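The values are calculated or read from the model by the stated rules, or taken from the named source; none is laboratory data. Treat the numbers as computed from the prediction; the structure is a model and nothing was measured. Here the Cβ positions follow ideal geometry from the backbone for every residue, glycine too, while neighbour counts run over all protein chains shown. Quick note on the areas: whole protein, heavy atoms, side chains included, nothing else; ligands and nucleic acids left out. Shrake-Rupley method; radii C 1.70, N 1.55, O 1.52, S 1.80 Å.
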Amino acid sequence: MLSLYAAEHSQHAPGIEFWNGRAEPTVEVPARVEAILKGLKNAGLADPQPVTSVDPAEIGTLLAHIHTRAYLDYLPEAYERWVESGGDVNGVMPFISPGKSMQGIPQSGLARPGLFAFDMGALIKPGTAHAAYNAALTAFHAAQAVAQGQRAAYALCRPPGHHAGANFYGGYCYLNNAALAVETLRSTPGYHFERLAVLDIDVHHGNGTQDIFYGSREVLTVSLHMDPAHEYPFFAGYREERGLGAGEGYNINYPLPFGIQDANYLAALKDALDEIANFNPAALVVALGVDTYRSDPIGKFALSLAAYPKIGKEIARLSRPTVFVQEGGYDLNCLGDLVSGVLVGFENNL
Ligand code: OKP
Ligand code: ZN
């Protein structure tokens, strides 16, 4: 399977995140990419190819379909404006965000992060925007390959993207790579990908992807994740969230209990894939998080190693052109085996 990654991901190394009011070392580290590359090679999947440094214009038009102009203008200049205004050189982190009735638009680089950041888990440092654009470029190229006839492709995106919405970022995510893959498929000239589906199997709810397509009946978004009543991102991911207006019925959430094991998880996945099959999309984008693994440091599911090829097999049974986009997964010892498990399980069942 065509696999792509961006070497320049390493320009993004946030180091810390705030959680429970404490600065903690973050699990979203550059070594994740090395671990996954090693896993892909060990599994004999085609050698991952690097995508080269991005000129933002190359994907700018497509990104403007999924993110607001205000947010896209903010991201690349956030660090400089923050430091100019006296912000800590270690990185941009909101310390004030508007209350519900506060509608003003500040110019200060110290306050602007509060307009867009929904948590304190996505530090912006000097290399962050560049790395995020390169991750998006990786998803773009993988989707383009599928639009041009490849059966499937894998984009090793880092930083991940599924928590980034139209005008917000957080949870290690800045640009929504999976949504960009959708827009790339939809925008390929002469190619009729009218109905598309996103299957998000990261252990956290894909609130950004849900946000972007919430009003659309052309893109079905389906997410399986830890019950947000008790876990991040807390404020979205509930079963009642089914889409809005024309999009009503085209967003499906599966909040699942902590500790869920292979059999029950695979049953929920089958149900999700049945919904997708009924929708009959021309192609599928998989937001591939593997933080569902039992020893993941932040996920609270309990899947075994053997679950991952089965997940790939179930996805293959849908028989759609498929773009895999990397999301979370933080157990560096197993990360490569988990990702390649899904991809090999998929390929072996085509
Ligand atoms: C990003 B992705 C616990 C930190 C949890 C928030 C989770 C972000 C997940 N120490 N931080 O969906 O994998
Ligand atoms: Zn996750």
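I need the calculated FRET efficiency for the pair ILE16 and GLU218, taking r as the beta carbon distance and R₀ as 41 Å, to the nearest 0.05. Write out the running numbers ahead of the final one.
Numbers: r = 39 Å, r/R0 = 0.95.
About 0.55, to the nearest 0.05.
Can you work out D for the chain in µm² s⁻¹ from Stokes-Einstein, where Rh is the Kirkwood radius over C-alpha pairs, the temperature is 25 °C and the viscosity is 0.890 mPa s? Rounded to a whole number, D works out at 124 µm²/s. Backbone phi angles across the stretch 107-122, fed through the Karplus curve with coefficients 6.51, -1.76 and 1.60 (θ = phi - 60°), yield HN-Hα couplings of 9, 4, x, 7, 9, 4, x, x, 6, 10, 7, 9, 8, 10, x, 9 Hz in residue order; Gly and Pro are listed as x. Taking the Cα atoms only, what angle lies between the long axis of helix 69-84 and the longest principal axis of the chain, rounded to 10 degrees? Long axis of 69-84 versus the principal axis of the chain: about 50 degrees.
Rounded to whole Å, the principal axis extents of the Cα atoms in the stretch 78-147 read 44, 30, 20, largest first. Computed on the Cα atoms alone, the convex hull of the stretch 210-319 gives a volume of 98 cubic angstrom per residue. Each residue of the stretch 334-350 was assigned a 3J(HN,Hα) from its phi angle through the Karplus expression (A = 6.51, B = -1.76, C = 1.60, θ = phi - 60°), giving 10, 3, x, 6, 5, 5, 5, x, 4, 5, 5, x, 5, 4, 6, 10, 7 Hz with x at Gly and Pro.
Surface composition of the stretch 282-350: carbon and sulfur make up 46 percent of the accessible area, probe 1.4 Å. Exceeding 29 Å between C-alpha atoms, which entries from my cross-link table qualify? They are LYS125/LYS270; LYS100/LYS300; LYS38/LYS300; LYS125/LYS313; LYS125/LYS310. The pairs that break the limit, which is 29 Å between Cα atoms, are LYS125/LYS270; LYS100/LYS300; LYS125/LYS313; LYS125/LYS310. Round to the nearest 10 and give me the degree value, 0 to 90, for the angle of helix 262-279's Cα axis relative to the longest principal axis of the chain. The answer is roughly 90 degrees.
Average projected area of the Cα convex hull of the stretch 117-214, in nm²?
Details: hull surface 25.7 nm².
Result: 6.4 nm².
If you wrap the tightest convex hull around every Cα atom of the stretch 170-250 and split its volume per residue, you get 86 Å³. The angle between the Cα long axis of helix 128-147 and the longest principal axis of the Cα atoms of the chain comes to about 30 degrees, rounded to the nearest 10. Heavy-atom accessible surface of the stretch 84-160, averaged per residue, reaches 41 Å², computed with a 1.4 Å probe.
Extension gain, ASP274-LEU318: 0.36 nm per intervening residue step, less the Cα-Cα distance, totals 15.0 nm.
For the chain, relative contact order (Cα pairs under 8 Å, six or more residues apart, normalised by length) works out to 18 percent.
Remark: the stretch 1-147 carries a charge dipole of roughly 280 debye about the Cα centre, counting +1 on each Lys and Arg Cβ and -1 on each Asp and Glu Cβ.
Legend: translational diffusion of the stretch 37-161 by Stokes-Einstein, Rh = Kirkwood radius over C-alpha pairs, 37 °C, 0.692 mPa s; D = 197 µm²/s.
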